[in-house]
Amino acid sequence: MTVSPDHRSKNPEAPQGVRVQKVLSEAGITSRRGAEELIRQKRVKVNGQTVILGRRIDPTRDVVTVDGRRVQVNPGRRYVMLNKPPGVITTARDPEGRPTVLDLVGDESRLYPVGRLDAGTEGLLLLTSDGELAHRVMHPSFQVSKTYVAEVAGWVGPAVVRRLLDGVEIEKGKKVKADLIKVLGSRRGQDARSQLKLVLHEGPRHVVRRVLEAVGHPVIRLVRTELGPLRLGHLRTGTYRNLTPEEVASLYREVGL
């Protein structure tokens, strides 16, 4: 329920009585003083209506936008980035008793992995309790890009790069194109290996491994380094952190929320 300035909660910290400038500040948009200036400039709306200073809202229900972009204000949702180690299963529970990603982050906040990384794949995995965001990140119509660094067997030359960019058929009627391919390093010889950076927005199961296998370069090691606007950075393997408000806002923009 949205509370108007004329019907304010007696408790200023109650969910129905949080000032808009505090919401913007805690969401990482700006300072409280900066939020007041945004409101004066009529750049802030709640549920589509321009707000005035002193407006209080229910951050669990109301939609806040700044310059038309939605601000994530629901305090009950969590957004976690995990650097998944190899051998860990991307699921809530495993009937075979193998370690899962929730064993690493804990499931007390009802976090769920967004998409899957297979057991052998490492790197950036998003977990959240925000169902709508998770759906949009995973749905192919929103074309959220995924960036991987792959170590593969064999020397990768220009012809292979062209094939990957033109599209590789991984099953009958299913062709996958890479958005970007960059050879980071390559060595010839009996133990030839190459390191590639791949960006794709399509996400069939095991897509990177299947594409590289199809061009004759099976994967030795695979790490996802980016998901849309998120970057793994220096997060250590097996550790996790909460997303910053800025990162959450960038994800919302990516999927049109």
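Miscellaneous remarks
- Among residues of the range 203-227, those that are open to solvent by less than 30 Å² (accessible area, probe 1.4 Å), touching a Lys or Arg at 6+ places or on another chain (Cβ under 8 Å) and not aliphatic (A, V, I, L, M), counted: 1
- Residue match in the range 151-160 (condition: open to solvent by less than 60 Å² (accessible area, probe 1.4 Å) and closer than 28 Å to Glu254 by Cα): no
- Condition broken by Gly54, with the remaining ones in (1) in contact (Cβ under 8 Å) with a residue 60 or more places away in the chain; (2) under 16 Å from Gln21 (Cβ atoms) satisfied: (1)
- Residue in the range 107-130 that is assigned to a helix (DSSP H, G or I) and either crowded, with 22+ Cβ neighbours inside 10 Å or free of Cβ contacts under 8 Å to residues at least 12 places away in the same chain (or both) present: no
- In the range 187-204, the residues that are part of a loop (DSSP other than H, G, I, E, B) and not aliphatic (A, V, I, L, M): Arg188, Gly189, Gln190, Asp191, His201, Glu202, Gly203, Pro204
- In the range 86-100, the residue that is modelled with the lowest pLDDT out of those that are open to solvent by less than 20 Å² (accessible area, probe 1.4 Å) and in a loop (DSSP other than H, G, I, E, B) is Thr90.
- Residue check, Ile57 surrounded by 17 or more Cβ atoms within 10 Å (Cβ to Cβ), more than 26 Å from the chain's Cα centre (by Cα) and hydrophobic (A, V, I, L, M, F, W, C): yes
- The set of residues in the range 164-186 being surrounded by 17 or more Cβ atoms within 10 Å (Cβ to Cβ) and in a helix (DSSP H, G or I) consists of Leu164 alone.
- Here is the figure for the range 73-101: residues that are out of contact with any strand residue (DSSP E or B) (no Cβ under 8 Å at 6 or more places or on another chain) and touching a residue at least 12 places away in the same chain (Cβ under 8 Å) total 4.
- Residue that is nearest to Ile220 (Cα to Cα) [pool: residues in the range 191-202 that are open to solvent by less than 60 Å² (accessible area, probe 1.4 Å) and of a type outside the set (D, E, K, R)]: Ser194
The values are calculated or read from the model by the stated rules, or taken from the named source; none is laboratory data. Values in this document were obtained by computation on a predicted structure and should not be read as measured data. Counting neighbours? That spans all protein chains shown, and the Cβs are built from the backbone with ideal geometry, glycine included. Keep in mind that these areas ignore ligands, DNA and RNA; they rest on the heavy atoms of the full protein, side chains included. Shrake-Rupley method; radii C 1.70, N 1.55, O 1.52, S 1.80 Å.
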